[in-house]
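A quick write-up on the structure given underneath.
The values are calculated or read from the model by the stated rules, or taken from the named source; none is laboratory data. These numbers were taken from a predicted model, which means no experiment stands behind them. Glycine also receives a Cβ, built like all others from the backbone with ideal geometry; neighbour counts cover every protein chain displayed. We work out accessible area using only protein heavy atoms, side chains counted, and drop any ligands, DNA or RNA first. Shrake-Rupley method; radii C 1.70, N 1.55, O 1.52, S 1.80 Å.
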Amino acid sequence: MFKAEDFFQREDEEHIIKIRRALHMVPEVNMDLPETTAIVTDELESLAIPYSLKYAPSSVVGYINYGNVNPENAPAVGKENHVMTIALRADMDALPISENTGLPFSSEHPGKMHACGHDAHTAMLLGAAAALKRAEEKGVINCRVKLIFQPNEEGPESGAMVMCENGVLNDVDFIFGQHIQQQLKTGEIGWIKGPYMAQCHSYEIEFRGRASHATLPQEGRDALMMAVKAVNDIYFMNSREIDPFANHIISVGQLNAGTAHNIIAEHAHMAVSVRTFDEKLDGFIRTRILSICENAALEMGGTFSFIEDVSAFVVINDCNCTDRLISAAKKTVPEKKIHELSKQMGSEDFSCFLRERPGCFSRIGTGNPEKGCTGVPHNSDLVIDEDALLTGSKLFTQLILDI
């Protein structure tokens, strides 16, 4: 049995860090990632790895061990001549956050920052790509490998969902992804079987009334009061109509209304985020939120409308794939550095891939208090320990070698 370290060279770690820093300096958001994808495609070309850009705007998909088969026409799962294909995924987009780390390779794009570690994810997958290409050249890989570099994990339109709709997993049997985690120490690996991260269901709700002078409230229809009543009733429902032991969160994160102190508000906007692990509970919450908002509008003589979006489903790790992940982890780091995780209320659109194919989403520790690497994701001061990047690359590589 081959080990990942057999296919890594002495200079690889330095190169992976170099890639990560290059990506960190040019953070881009949503589906508009021209500089990011250029770095990825340049690296794949230097490794002689063929790739496609067809699955979504600013997406890149690399192919290893496809031989003479056209990767874009490879037999789908269940078809004649299908060869086992494993997908490895990294997300590439950044966040609309102004960086405040003081790093010498800080963001050069004002108002944008890699504050969630996607630059690290991309660099780790490119590091694995280099090792896997060497393994391919030595003829020791017994499956095909699809390298999925995904845009827009953070934005309003899920990049994973778009790529799935365009068939990126048609020939894929299993898929693996990983994410940095500051709560784990550098080089540690985290895993969990079954449900891991929550579904994210958001609502944008608009209340419409009628404006009037503040001294003539009876002539108006106060949209602000409609929204305030809805907020109170939603939180009341949350505390009195739902099992307190159910894993869920309901948060009203935005409420905007009014134009002046002496005008009854004609319009109000409210944004709600719901996280659940259970579709039945999510359905109940949806019904109640819409009923509460409708009643609040009617009582005040107004109207309401809404837009909803499920940006991520429940991340459910396949037990067999998680066992494969644990086995590969034991060959990558000492067993004492491998930890079982707990459920998280955060969400991840990697769940879109897992709804189509079995797989596993794991964590790579990047926390190191001695280096000041203690910040949390989505914060302007996030600094990760780059010594962890090689671990992520080796874990991906070992998964493929084992399979």
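Numbers below:
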quantity: Inter-residue pairs, beta-carbon under 7 Å, first under 15 Å from residue 19 (Cα atoms) and in a loop (DSSP other than H, G, I, E, B) and in segment 373-398, second open to solvent by 30 Å² or more (accessible area, probe 1.4 Å) and charged (D, E, K, R), 6+ apart; calculated: 385/371
quantity: Residues of segment 279-290 classified as open to solvent by 40 Å² or more (accessible area, probe 1.4 Å) and either in a strand (DSSP E or B) or modelled with pLDDT of 95 or more (or both), total; calculated: 5
quantity: Some residue of segment 347-369 being farther than 30 Å from residue 401 by Cα and either open to solvent by 60 Å² or more (accessible area, probe 1.4 Å) or in contact (Cβ under 8 Å) with a residue 12 or more places away in the chain (or both); calculated: yes
quantity: Residue among 217, 151, 195 that alone is more than 30 Å from residue 49 (Cβ to Cβ), under 21 Å from the mean Cα position of the chain (by Cα) and not small (Gly, Ala, Ser); calculated: 195
quantity: Residue list for segment 293-344, filter: surrounded by fewer than 15 Cβ atoms within 10 Å (Cβ to Cβ), within 30 Å of residue 390 (Cβ to Cβ) and either polar (S, T, N, Q) or modelled with pLDDT under 95 (or both); calculated: 320, 327, 342
quantity: Filter result for the condition that a residue is within 17 Å of residue 151 (Cβ to Cβ) and either open to solvent by less than 80 Å² (accessible area, probe 1.4 Å) or within 20 Å of the chain's Cα centre (by Cα) (or both), over 26, 77, 69; calculated: 26
quantity: Strands (runs of 3 or more DSSP E) wholly inside segment 147-237 that include at least 2 residues being over 30 Å from residue 341 (Cα atoms); calculated: 199-208
quantity: Conditions (1) open to solvent by 30 Å² or more (accessible area, probe 1.4 Å); (2) assigned to a helix (DSSP H, G or I); (3) without any contact (Cβ under 8 Å) to a residue 40 or more places away in the chain; number of the one not met by residue 259; calculated: (2)
quantity: Per-region count, segment 370-400, residues small (Gly, Ala, Ser) and open to solvent by less than 20 Å² (accessible area, probe 1.4 Å); calculated: 4
quantity: Subset of segment 160-195 (residues that are farther than 21 Å from residue 365 by Cα and in contact with a Ser or Thr (Cβ under 7 Å, 6 or more places away or on another chain)); calculated: 163, 171, 172, 173
quantity: Residue 86 being under 23 Å from residue 349 (Cα atoms) and crowded, with 21+ Cβ neighbours inside 10 Å; calculated: yes
quantity: From 156, 151, residue being crowded, with 24+ Cβ neighbours inside 10 Å and either modelled with pLDDT of 95 or more or over 25 Å from residue 10 (Cα atoms) (or both); calculated: 151
quantity: Test result for residue 226, open to solvent by less than 50 Å² (accessible area, probe 1.4 Å), at pLDDT 95 or above, more than 28 Å from the chain's Cα centre (by Cα) and within 23 Å of residue 199 (Cα to Cα); calculated: no
